[in-house]
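The values are calculated or read from the model by the stated rules, or taken from the named source; none is laboratory data. As the structure is a computational prediction, the values presented were derived from the model and not from experiment. In this analysis, Cβ positions are derived from the backbone assuming ideal geometry, glycine residues included, and neighbour counts consider all displayed protein chains.
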Amino acid sequence: MQVLVLGAGQLARMMSLAGAPLNIQISAYDVGSKTVVHPLTQMTTGDDLESAIRQADVITAEFEHIPLDILAICEKSGKFLPSSEAIKAGGDRRIEKKLLDDAGVKNARYSVIQSYQDFQTAIEHVGVPMVLKSALGGYDGKGQWRLTEVGQADAVWAEMAECIAATEHQAIVAEQFVAFDREVSLVGARSADGTVAVYPLAENVHTNGVLSLSTAITDQALQEQAKQMFIAVAELLGYVGVLALEFFDVNGSLLVNEIAPRVHNSGHWTQQGAETCQFENHLRAICAMPLGSTRLIRETTMINILGEDTLPQAVVAMEGVHVHWYGKGKRPGRKMGHINVCGENTDSVQSKLRDLMQWLDQAAYPALNSATR
């Protein structure tokens, strides 16, 4: 089975690693350089998208921000999964919000802004404080603003107006500020026949808008809420593959914050913590294979490695610690890899996280402090 992935980053890399035992061969199309590369070696294997599409049995994506002309070509082939509609929903907050409304899934009150008058209307409709996000292109905390008092409006508008002008079809989505207790996410898979398998919820810690740490949790009430929302969104889209929903937990009630129509950073813990990892289940779904079990097999916490390209040997030597590098060049704040920390129970994982703090720079891994309190 030949799978072409749109995008040549770490998610395509981990799909390739997961697909090899199933005899699924992965090639990756780098939409920036417009070349086909091997997802592990990054060696160029071609520069003809049409040829790569012909050779592929299935086409999928590792990220949402795919140029629309490329997306249209792949959709036309009849091989693209989950669907261009799903990818567009993940890449445009306006489409995403409408999808959530149509699915009957709870999310924060919002308003779309394209002009200063729209901004004033949003202040009245959404209220202050509010969070403002670019409709296109924003991720990992980029393209976001906060309005905490009306007196800041003109200064914030100046920055947003510049953002709107810089990108064609751009807009800003204003969202009600939600005072949440914690952020959680659900990663699940859906087959073409409608079979759904979801993983345990993960509790997430962000630093400067970027995911720092993600831990599989057991909370049956929240799990059931999240699963029903997942099913509602996935069925409305006719989704095939792995889909992630990010939530705010507000006093035991979930609100969807974002969706991601792909394998997701907060699901990396599944590589060591679940019977079948998210990357394998995505490939199983799009290749019309039965889904694997999503059962939690050991307590696991995932730590993102941001802007660092080495680890002390003592970390690599620790029992239950699994390091995954992405083969990237070092750059401040860049996702360079992740560490999965596993244990027999929560206390065991906490103990290992405390041990890790002896070896890791706390400035580079700030979420460890909150995880070990």
Open item on the list: Whether any residue in the range 332-342 is touching a strand residue (DSSP E or B) at 6+ places or on another chain (Cβ under 6 Å), of a type in the set (S, T, N, Q) and farther than 20 Å from Ala8 by Cα is what I want to check.
Closed with: yes
Open item on the list: From the list Glu168, Glu175, exactly one residue is under 16 Å from Arg94 (Cβ atoms), in contact (Cβ under 8 Å) with a residue 40 or more places away in the chain and either among the acidic types (Asp, Glu) or assigned to a helix (DSSP H, G or I) (or both). Which is it?
Closed with: Glu175
- [ ] Within the range 248-265, count every residue that is aliphatic (A, V, I, L, M) and outside any strand (DSSP E or B).
- [x] 1
TODO: Please name all residue pairs, on different chains or six or more residues apart, with Cβ atoms under 6 Å, provided the first residue is in the range 288-311 and is within 16 Å of Glu203 (Cα to Cα) and the second residue is of a type in the set (Val, Ile, Thr).
DONE: Glu299/Thr346; Glu299/Val349; Thr301/Thr215; Thr301/Val341; Thr301/Val349; Ile303/Ile339
TODO: For the range 37-150, please list each of the strands (runs of 3 or more DSSP E) lying entirely inside it that holds at least 3 residues being within 22 Å of the chain's Cα centre (by Cα) and not polar (S, T, N, Q).
DONE: 58-61, 130-134
TODO: Please work out which residue is nearest to Arg262 (Cα to Cα), limiting yourself to the range 48-71 and to residues that are surrounded by 18 or more Cβ atoms within 10 Å (Cβ to Cβ) and acidic (Asp, Glu).
DONE: Glu62
TODO: Report yes if Gly78 is at pLDDT below 95 and either among the small types (Gly, Ala, Ser) or touching a Gly at 6+ places or on another chain (Cβ under 7 Å) (or both), otherwise no.
DONE: no
Open item on the list: Is it the case, given these coordinates, that Thr45 is out of contact with any helix residue (DSSP H, G or I) (no Cβ under 8 Å at 6 or more places or on another chain), modelled with pLDDT under 95, surrounded by fewer than 21 Cβ atoms within 10 Å (Cβ to Cβ) and not assigned by TED's automatic domain parsing to the domain that holds Ile259?
Closed with: yes
Task: Some residue of the range 285-306 being under 16 Å from the mean Cα position of the chain (by Cα) and in a helix (DSSP H, G or I) - done: no
- [ ] Scan the range 324-373 residue by residue and report those that are among the β-branched types (Val, Ile, Thr), in contact with a helix residue (DSSP H, G or I) (Cβ under 6 Å, 6 or more places away or on another chain) and modelled with pLDDT of 95 or more.
- [x] Val341
Task: Val173 crowded, with 18+ Cβ neighbours inside 10 Å and touching a Gly at 6+ places or on another chain (Cβ under 6 Å) - done: no
Open item on the list: Given (1) in contact with a strand residue (DSSP E or B) (Cβ under 7 Å, 6 or more places away or on another chain); (2) farther than 24 Å from Trp325 by Cα, identify the lone condition not met by Glu50.
Closed with: (1)
Task: Residue in the range 204-250 that is surrounded by the most Cβ atoms within 10 Å (Cβ to Cβ), counting only those that are closer than 23 Å to Asn304 by Cβ, over 14 Å from the mean Cα position of the chain (by Cα) and of a type in the set (Ser, Thr, Tyr) - done: Thr215
Task: Conditions (1) more than 23 Å from Met289 (Cα to Cα); (2) without any contact (Cβ under 8 Å) to a residue 24 or more places away in the chain; number of the one not met by Gly104 - done: (2)
Task: Search result, residues across the range 197-247 that are free of Cβ contacts under 8 Å to residues at least 60 places away in the same chain and part of a strand (DSSP E or B) - done: Glu203, Val242, Ala244
Open item on the list: Residue under question is Gly273, and the condition is that it be touching a residue at least 24 places away in the same chain (Cβ under 8 Å), touching a strand residue (DSSP E or B) at 6+ places or on another chain (Cβ under 7 Å) and more than 21 Å from Gln220 (Cα to Cα); does it hold?
Closed with: no
- [ ] Answer yes or no: is there a residue in the range 179-192 that is surrounded by fewer than 17 Cβ atoms within 10 Å (Cβ to Cβ) and over 29 Å from Ser134 (Cβ atoms).
- [x] yes
- [ ] Among the numbered conditions (1) free of Cβ contacts under 8 Å to residues at least 12 places away in the same chain; (2) closer than 20 Å to Ile70 by Cα; (3) among the small types (Gly, Ala, Ser), tell me where Ala20 comes up short.
- [x] (2)
Task: Residue satisfying condition, being modelled with pLDDT of 95 or more, among the polar types (S, T, N, Q) and closer than 30 Å to Leu132 by Cβ, within set Gln10, Gln55 - done: Gln10
Open item on the list: Going through Ala367, Ala371 one at a time, which residue ends up being touching a His at 6+ places or on another chain (Cβ under 9 Å) and aliphatic (A, V, I, L, M)?
Closed with: Ala367
